[in-house]
Every structure is written in structure tokens, then in C-alpha cells.
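Throughout, read-outs are computed from the coordinates displayed, never taken from laboratory work. The model shown is predicted, which means the values in this text are computed figures rather than measured ones. Quick reminder, even Gly has a Cβ in these numbers, built from the backbone with ideal geometry, and neighbours come from all protein chains shown.
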Amino acid sequence: MKLFSSAFPHNGAIPPKYTCDGADLSPPLSWSEVPPEAKSLALVVEDPDAPDPSAPTMIWVHWVLYNIPPDCGGLAEGVQPLPAGTLEGANDWDRFGYGGPCPPAGRHRYFHRLYALNAVFPRLRRPTRAKLEAAMRRHVIAEAVLVGTYQRTARSLSRGARA
């Protein structure tokens, strides 16, 4: 399975448009080679460098989606509405939806993890990444990762940071 974005290459810089310094839109994502036995997909976007990449202490979750139809092929920029049947989980701001990069210090990496699953999950009660990963255990049949990076400028840092 492959995951990519027309907005940035793997290990490339995420444009400010998709961050707290811009419109905070979710980036366009596309995928291919989904296993034919996949019943659903899940997407988790996370920052393992929070709060500071020189001394990370947590993984900050930016977006949680599950029950994505395996044949939809991707998500458009700022996707709304979500593909039919897709459900959202809570991010680490304790809200649903995408929250873009907003690192308080240094250049952070943002892992977009797409999972092909051999199951569709019932609506989970206020799902977090941890709850979704527990539900997915033994159901992951393929995984693809796209990494983007982002570092705020001195000017943007003066406006605050989230992760």
C-alpha cells in the first residue's frame, strides 16, 4: 500500500496552509495498492517530536479517522464532508477533526499512518488513537506511512504554539 500527498513529498516540508500558521486545512492525501481483502481503512496523524524534537516526551495526535471506505482512493484538501461511513476520533486537543502542525520549538515530523483493516468497526465511544489501536489489533493487513515536517518561523512562534 502507498500513501502520498500532492502538497508535500515524503520527508518534505508541509506547506504553512496546512498548519496553524495558515488555513489549518487537512492536506490532500491519496493512496494506492489497498489490499483487495480490506474492509475499511484508518488514518492517524501524529507528531512523535512533541513538545521539542531535541527532547520529545510524547506523541501528539493531530487526526484520527476510521471506517474509511477502502475504495475511495484518498481525501481531498480540507475534506468535508468525509467519505460516507467514515468516523472521526478525538485528537489530543480533545476535539474531533484535523488539527494542523503548530510546533512550539524546532522542526517536527508528522507521521500520516494509513492502515488497511479486515473489519469495519462499530461506532466507538469517544475514540482516541489508543482506543482505535486497541480495536484494530489483529485486524491490520497493511500499513503505509507518509512523513511531512514543519518548523515555525520566529514570527509565527510569537502567535503561540500547540504541537
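Legend: calculated FRET efficiency, Phe111 to Ala84, from the Cβ-Cβ distance at R0 = 45 Å, rounded to 0.05, equals 0.95. Is the C-alpha gyration tensor of the chain telling us rounded, prolate or oblate? Criteria: a/c under 1.5 is rounded; beyond that, a/b larger than b/c is prolate, otherwise oblate. Because a/c hits 1.5 or more and a/b exceeds b/c, the chain counts as prolate. Protection proxy ranking, highest mean first, for peptides 21-32, 80-91, 59-70: 59-70, 21-32, 80-91, where packing is the per-residue count of other beta-carbon atoms within 10 Å, averaged.
Here the label points at Glu33 and Ala130, each 7 Å from Cα along the C-beta direction, are separated by 3.4 nm in the simple model. Every helix of 4 or more DSSP H residues in the chain counts as -39500 (n - 2.57), and over all residues that averages to -1500 deg cm²/dmol at 222 nm.
Treating only the Cβ of Lys, Arg, Asp and Glu as charged (+1, +1, -1, -1), what charge dipole size does the chain show about its Cα centre? Round to the nearest 20 debye. Working shown, then result.
On the way: 18 positive and 15 negative charges, 61 e Å.
In debye, rounded to 20, the chain gives about 300.
Distance between the 7 Å Cα→Cβ label points at Ala55 and Phe96: 3.8 nm.
Among Leu146, Leu124, Leu114, the largest mean-square fluctuation in a Gaussian network model of the chain, built with springs joining Cα atoms closer than 10 Å, belongs to Leu124.
Can you give me the distance in nm between label points at Glu143 and Glu77, each placed 7 Å from the Cα along the Cα-to-Cβ direction? Between Glu143 and Glu77, the label points sit 3.0 nm apart.
Taking 4.7 Å between beta carbons as the limit, the unpaired Cys residues of the chain are Cys72.
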